[in-house]
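Here is the structure we will look at.
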Amino acid sequence: MRKSLLEIEHLDPENISYLLTAGTKYRTGQLPVFDRPYTVASLFYENSTRTLISFELAAKRLGLAFINVDIAKSSTAKGETFQDTLATLHAMNIDGFILRHSDENLIKNAQTYVPSASIINAGSGMHAHPTQALADGLTLKENFHSFSDINVVIVGDVRHSRVANSLIALLKKLQVNRIVIAAPAYFLPKVPFEDVLIEPDLDKALQTAQVVYTLRVQKERFSEEERCPLDEYIKNYGLTLNRLKLAGSDPLLMHPGPVNRNIEIASDVLDQYPYNKILNQVQNGVYARMAVYEWLFSC
Ligand code: CP
């Protein structure tokens, strides 16, 4: 069975340290050497801009061959199963599959169909998004001397967020000082996270935050009976310049993207707040994915 990246929870401290160190070194232009030319294929059954493109750029920068399977134009439309699509591509010597799917179990079980290929989770249902967490870890590493100094406030729709699950798993492994969720009851996780505080009052939570990590309101993942009173949400949890001015210590602003402008974050914050790190997260997304390829194929 080849090495895979399915969840942050599967990584030990040495793996995390390797990945963040490798990601950091790409900024200086260093590149790893592979023992042969590797080929990876992306299969995204859900839309993406940054994750898909950064996996492609990362592969090309490292000299890996990269194939994007356009699911809408693939034989999936003729009824080919996920299992048969993977096995078909693997027969063409694909070494790694980068998968995004709304069904987390398909990604969890993918390696049973292609045991000698690596599986990289690029977003599975509401469960996990490990490479987003690694991009975020690189962004924190770039901005702080020590993870143990950081208080992170995660704002908003944690309930439907695979990003939050992977981020919280990584923050715990990095042993940050404190993780706080600031969210209304309808966005809290159904099963509480251990060692994560809940503070429904965002302004109070921001008083001690070094990082405010805002999540997208993920309407597409609401069940039939779920509702978000959007005006009330924006009033209590939307980040405005005024709200950030009243915060204790100019927190860094992070968001996995795509942002719903004027819902999670006011447009003027996106355009003017000097500690907005959202595009740095995107840039680090390429380095993080380069690190993942190195970890999978050269270790
Ligand atoms: N953060 C993230 O996964 O963005 P995309 O959906 O654009 O890939």
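Around the amide H of A122, modelled in the peptide plane, lie the amide H atoms of L99, R100, all under 5 Å away and 5 or more residues distant in sequence or on another chain.
Taking label points 7 Å from Cα along the Cα-to-Cβ direction, S102 and T81 give a separation of 2.1 nm. A full extension of the chain between S267 and R36 corresponds to an added length of 78.5 nm, given 0.36 nm per residue minus the alpha carbon distance. Counted over segment 157-254 with a bin width of 10 Å, the fraction of Cα pairs per bin, in whole percents, is 14, 49, 32, 5. Which angle from 0 to 90°, rounded to the nearest 10, does the C-alpha axis of helix 278-297 make with the longest principal axis of the chain? Rounded to the nearest ten degrees, it is 30.
Using the Karplus relation 6.51 cos²θ - 1.76 cosθ + 1.60 with θ = phi - 60°, the per-residue 3J(HN,Hα) values for segment 59-68 come to 4, 5, 5, 8, x, 7, 7, 10, 10, 9 Hz, with x marking Gly and Pro. Using 0.36 nm per residue and subtracting the Cα-Cα separation, the extra length available between E220 and S116 on full extension is 34.0 nm. Computed on the Cα atoms alone, the convex hull of segment 114-154 gives a volume of 113 cubic angstrom per residue. Taking 19 Å as the straight-line reach from the Cα of K25, the lysines in range (excluding those fewer than 8 positions away in the same chain) are K60, K141. Taking the longest Cα principal axis of the chain as reference, the axis of helix 130-143 is set at about 50 degrees.
Kirkwood radius and radius of gyration were both taken over the C-alpha atoms of the chain, and their ratio Rg/Rh is 0.97.
Counting 0.36 nm for each residue step from R178 to L241 and taking away their Cα separation leaves a gain of 20.3 nm. Per-residue ellipticity at 222 nm, computed for the chain from helices alone with -39500 (n - 2.57) per DSSP H run of at least four residues, works out to -11000 deg cm²/dmol.
Summary of the geometry: segment 241-287 and segment 158-206, compared by the centres of their Cα atoms, lie 18 Å apart. Roughly what would the spin-label model give for N47 and L279, points 7 Å off Cα along C-beta, in nm? Output for this residue pair reads 2.2 nm.
For the peptides 148-160, 38-50, residues were scored by their other Cβ atoms within 10 Å and the scores averaged per peptide; the highest-first order is 148-160, 38-50.
When DSSP beta bridges are restricted to pairs lying wholly in the chain, around 5% turn out antiparallel. Modelled label positions at L57 and R227, each set 7 Å beyond Cα in the direction of Cβ, lie 4.2 nm from each other.
Every number in this text was worked out from the coordinates using simple rules, so none of it is lab data. Fair warning: this is a prediction, and the values are worked out from it, not measured in the lab. Ideal geometry is used to build each Cβ from the backbone, glycine not excepted, and the neighbour counts take in all protein chains shown.
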